[in-house]
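The values are calculated or read from the model by the stated rules, or taken from the named source; none is laboratory data. The structure presented is a predicted model; accordingly, all values stated were derived computationally and were not measured. Counting neighbours? That spans all protein chains shown, and the Cβs are built from the backbone with ideal geometry, glycine included. Accessible surface is based on the protein model in full, side chains and every heavy atom, while ligands, DNA and RNA are left aside. Shrake-Rupley method; radii C 1.70, N 1.55, O 1.52, S 1.80 Å.
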Amino acid sequence: MNTYTPSVVAALLGVSRRRIVAASERSGIGTMKGRRRLFTDTDVSLLREELGSAPVIESLSRSELVVLAELSRRPCGLVSARAVARACGLSPATAAKAVHRLVAVGLVVERDEVVALGRARRVRSLHANVRHPQWGSLLPVLRQVVNPVMPVPSPSERGP
């Protein structure tokens, strides 16, 4: 049975060691051996479900990679950075910053479209730019991104 330290798990999932330790303490994942927390393969898969995983690449931050992967999976795009944040499990500020940088680099494009939102409305939507010169090299990396599993709110949490 393999055991991993928080640093190794962080490198495997593409997140910080601090996030691994916090998630493991919150969820009770892993075992303590003395003062060290160790993780089995099962623990790593549980953490992957909770935190998601993304490979580390030089040109994009983790949040930018997660946003680009989510937009690449949605051919109709998303209507705002806040919608991107909900889909990716990121904070709205982090998603907005990532979207802004991806638009500046050219990996994400904004399009004016007419959509049915109660009635026909013109909105700006965000789409992955599949015609970007780097797209072919990024696609295999984007397929490795796993978003965290979002809990479904109970009827009492949704409100009236």
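Going through region 41-78, which GluC sites (Glu not before Pro) have at most 14 other Cβ atoms within 10 Å and a DSSP loop state? Numbers along the way, then the final one.
Values: sites: GLU49, GLU50, GLU58, GLU64, GLU70; in loops: GLU58.
Answer in residue order: GLU58.
Helix content alone sets the calculated 222 nm mean residue ellipticity of the chain: runs of n ≥ 4 DSSP H residues at -39500 (n - 2.57) each, divided across all residues, give -13500 deg cm²/dmol.
Close amide H partners of LEU78, meaning residues 5 or more places away or on another chain with modelled amide H under 5 Å apart, are LEU126. Per-atom-type breakdown for region 31-160 gives carbon and sulfur 55% of the accessible area (1.4 Å probe, protein chains only).
Does region 26-160 come out rounded, prolate or oblate, given a ≥ b ≥ c as the square roots of the eigenvalues of its C-alpha gyration tensor, rounded meaning a/c under 1.5 and, failing that, prolate meaning a/b above b/c? Oblate, since a/c reaches 1.5 and b/c is not below a/b. The magnitude of the dipole of the chain, with charges of +1 and -1 set on the Cβ of Lys/Arg and Asp/Glu and taken from the Cα centre, is near 300 debye.
Remark: region 2-73 carries 54 Å² of accessible area per residue (probe radius 1.4 Å; ligands, DNA and RNA excluded).
Considering only LEU107, THR42, MET32, the residue lying farthest towards the positive end of the dipole of the chain is LEU107, judged by Cα position with unit charges set on Cβ. Computed from label points 7 Å out along Cα-Cβ, the spacing between THR31 and ARG17 is 2.2 nm.
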